[in-house]
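Q: Please see the structure below; I have some questions.
Where a number appears in this text, it was derived from the coordinates with a stated rule and is not lab data. Predicted model only: the values in this text are computed from it and were never measured. Every residue, glycine as well, gets a Cβ built from its backbone with ideal geometry; the counts of neighbours run over all protein chains shown.
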Amino acid sequence: MPRSVRIKDHWGEQRLFIGRTIFAGIAAVVLLLVVMGRLFWLQVVRHDYFTDLSQGNRVRLEPLPPDRGLIYDKNGVVIAENTPAFQLELTPEQVTNVGDTLRRLAAIGLVESGQVPALERLIRAARKFEAVPLRLSLSDADIATFAVRQFEFPGVEIQTRLARWYPYGDIAAHALGYVAAISEDDLKHINADEYAGSSVIGKLGLENTYEEQLHGTAGFRQVLVNAQGRHVDRLGSAPVKLDTRQPRAGNDIFLGLDIKVQRVAEESLAGHRGALIAIDPTTGDVVALASVPSFDPNKFTRGISTPEYASLRDDLDRPLFNRALRGAYPPGSTVKPMMALAGLEYNAIDPRATRFCRGYFTLPGSSRHYRDWKKEGHGNVDMRRAIATSCDVYFYGLADVLGIERVHEAMSALGFGKPTGIDIVGERPGLMPSEEWKRQTYKQAWYPGETVIVGIGQGYMLATPLQLAHAVAVVAARGHGFRPRLVTAVRDAMTREVKTLPPIAEPPIALTDPGNWQVIIEGMEMVTEAGGTASAVQRGASYKIAAKTGTAQVFSLGQNEKYNASAVDERLRDHALFIAFAPAEAPKLAIAVLVENGGHGGSVAAPMARRVFDAFLLGKYDAAPVPPPPKGAPPEPQVN
């Protein structure tokens, strides 16, 4: 009989199902408890932490650029200030394709197409969250163009900033310098945090040298933004605490420069290429520093265009070149009083002894004639008369007696061949030759004939107009010189306290006989008297002027050639030079004037110095006060 077989175990299946159900229920409860515990941890225990995080997601940190310090002249006239201007800016993190955005902005004329590659490099070098200026100053037409198409350029905005403004345009431009947009190279040398929000930096002159003082310290503020990054007043009903750190404005600086005298100096040089430096010999303060032709620094402040810059760069007259500090020229006869002082100091000549000038000088054993400027000669002259009439023959012989090493030593003591140390960058040292210098430079020996021509400020010797002004200031102060300077005081932006900077005295030139100063000063006084080379400059003056004229050759003449100014190119004509101080008995101002290819110092450069003396000493500004700022000053923008 076959055995019965159970096919299905209902009780077993039921027990298995119940077991699984219980396990699943327990697992679900455990997981629910875990989730609830996690929610409790996040929403209760860690509530403050995640509140801070969420606050950070909707609060943006915006930099607050500092106001740049102002620049005043010696009378408290503002000559560099700040005015509101509209600026086009791009924030890199908000722009998907920077290159495409810049090209589209160029297509509608808001940036120059030639500047697109440079702007791309600048944006790549900047921090992603900081706005980068594309245009420093927008016109009303530019603002209107951008306003109607702003939706096409996410991440690009117009902001109101303070822009640098020079009320007197090109007057004193080479002394003040200018500010311009921060470049890619600038970013490598500055503290990015300190310049957060700033779009410009000093590039030249005082703006560059005193950048740290003028710039100030950046601040910041927290602002609420929505999901699109736009500013909003609030998010929800919960109050939000926003922090702000106010920026610290840059310090103001005060100059020894007088803008009224500066204007007279530049007007005197108008139509020429040249420089005029006026120094107070009692302090070293630079009262005027003119280099002509000049340029308008406001063009750089607002963002100079490529064609405008090319025009300045390629101009044959070089308006960007600071002739006062960087122009190195043969000083010509202006060094003769200093050469005379060297002769006295080394006891190489008696000031009362006369030398006969027949119109040329020859070295012993040589037939070469070193010609005097006066063909027929000056006859018998002593030291004072030689200075007054600028007798070349007298100083040829004096230089030969002294020798180049003693000439080098004496002239170096007066500041030739080295920078004066003025408080703006870019000064050139000039050149005071010596035997050692020639051996190192040309691998040649020094020849006696080279000493002869150095005696009248020609040959290898080169000096800047600033060096000439400094040297004549030292002579005026009888050896008690001061380092030339433009800045005389600084005003703290926070306390408004003005700190006066003391003059920096140089080591005095101690002569074996202090009376030697009087000898050469008397010779310089005779220059402006009857028979002197600048007698006309004294005419009608109520004060006494001590001076020396100079004419420096641009190219050499052959032994028997005669110079004819009308027969040579204008840029090959002689330079005109003039140094002077006044009043002679108690000097208050020392001046050096150089006019490139101007001809004779007495007839061309001397009248320029006289105008500056009259302006400074007598307040005569040709009845024309310093004009108010030109009408082209940027208007204050109206911000909605």
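Q: About the Cα centre of the chain, how large is the charge dipole given +1 on each Lys and Arg Cβ and -1 on each Asp and Glu Cβ? Please answer in debye to the nearest 20.
A: 1640 debye
Q: Could you pull out the trypsin sites (Lys or Arg not before Pro) across the stretch 389-466 that fall in loop regions by DSSP (anything but H, G, I, E, B) with no more than 15 other Cβ atoms inside 10 Å?
A: Lys443
Q: Can I ask one more? Rounded to the nearest 0.05, what FRET efficiency is calculated for Lys418 and Gln246 with R0 set to 51 Å and r the Cβ-Cβ distance?
A: 0.70
Q: Which order do Ile253, Ile387, Ile22 fall in if you start with the one that has the fewest other Cβ atoms within 10 Å?
A: Ile22, Ile253, Ile387
Q: Excluding same-chain residues fewer than 8 positions from Lys188, which lysines have a Cα within less than 20 Å of its Cα?
A: Candidates past the 8-residue exclusion: Lys128, Lys203.
Q: Continuing with the same structure: Quick check: residue separation of Lys374 and Gln150 times 0.36 nm, minus the Cα distance between them. What number comes out in nm?
A: Separation in residues times 0.36 nm, less the Cα-Cα distance, equals 73.2 nm.
Q: Let me ask you something else. Where Rh is the Kirkwood radius over the Cα pairs of the chain, the temperature 4 °C and the viscosity 1.567 mPa s, what D in µm²/s does Stokes-Einstein return?
A: 44 µm²/s
Q: In nm, what is the difference between 0.36 nm times the number of residues separating Thr441 and Val44 and their Cα-Cα distance?
A: 134.7 nm
Q: List the chymotrypsin sites (Phe, Trp or Tyr not before Pro) within the stretch 384-418 that fall in a DSSP loop (any state other than H, G, I, E or B) and whose Cβ has at most 10 other Cβ atoms within 10 Å.
A: none
Q: Please work out the FRET efficiency for the pair Ala118 and Val498, using the Cβ-Cβ distance as r and a Förster radius of 35 Å; give the result to the nearest 0.05.
A: Efficiency, rounded to the nearest 0.05: 0.30.
Q: Which aspartates and glutamates have a Cα lying under 19 Å from the Cα of Lys374, excluding residues fewer than 8 positions away in the same chain?
A: Excluding near neighbours in sequence, the set is Asp382, Asp392, Glu529, Glu561, Asp574.
Q: Compute the distance from the alpha-carbon center of the stretch 450-480 to that of the stretch 118-146, in whole Å.
A: 49 Å
Q: Okay, moving on. Find how many whole Å separate the alpha carbon centroid of the stretch 241-319 from the alpha carbon centroid of the stretch 331-407.
A: Measuring centre to centre over Cα atoms gives 40 Å.
Q: Please report how far the C-alpha centroid of the stretch 58-115 lies from that of the stretch 185-212, rounded to the nearest whole angstrom.
A: Cα centres, the stretch 58-115 to the stretch 185-212: 14 Å.
Q: Let me ask another. For the stretch 322-405, which trypsin sites (Lys or Arg not before Pro) pass both filters: DSSP loop (anything but H, G, I, E, B) and at most 13 other C-beta atoms within 10 Å?
A: Details: sites: Arg323, Arg326, Arg352, Arg355, Arg358, Arg368, Arg371, Lys374, Lys375, Arg384, Arg385; in loops: Arg352, Arg358, Arg368, Lys374, Lys375.
Filter output for the stretch 322-405: Arg352, Arg358, Arg368, Lys375.
Q: How long is the gain from Thr96 to Lys128 if the chain were fully straight, where each residue apart is worth 0.36 nm and the alpha carbon distance is subtracted?
A: Taking 0.36 nm per residue and subtracting the Cα distance, the gain is 10.3 nm.
Q: Hey, another quick one. Using a 10 angstrom Cβ neighbour count of at most 11 plus a DSSP loop assignment to flag exposed GluC sites (Glu not before Pro), which longest range of the chain is free of such sites?
A: Answer - 1-375.
Q: Now a separate question. Taking the Cα-to-Cβ direction at Ala24 and at Ala141 and moving 7 Å from each Cα, how far apart do the two end points lie in nm?
A: Spacing of the two 7 Å Cα→Cβ label points: 7.9 nm.
Q: While we're here: Work out the length of the dipole vector of the stretch 259-618 about its Cα centre, built from +1 on the beta-carbon of each Lys and Arg and -1 on the beta-carbon of each Asp and Glu, and round it to the nearest 20 debye.
A: Dipole about the Cα centre, nearest 20: 280 debye.
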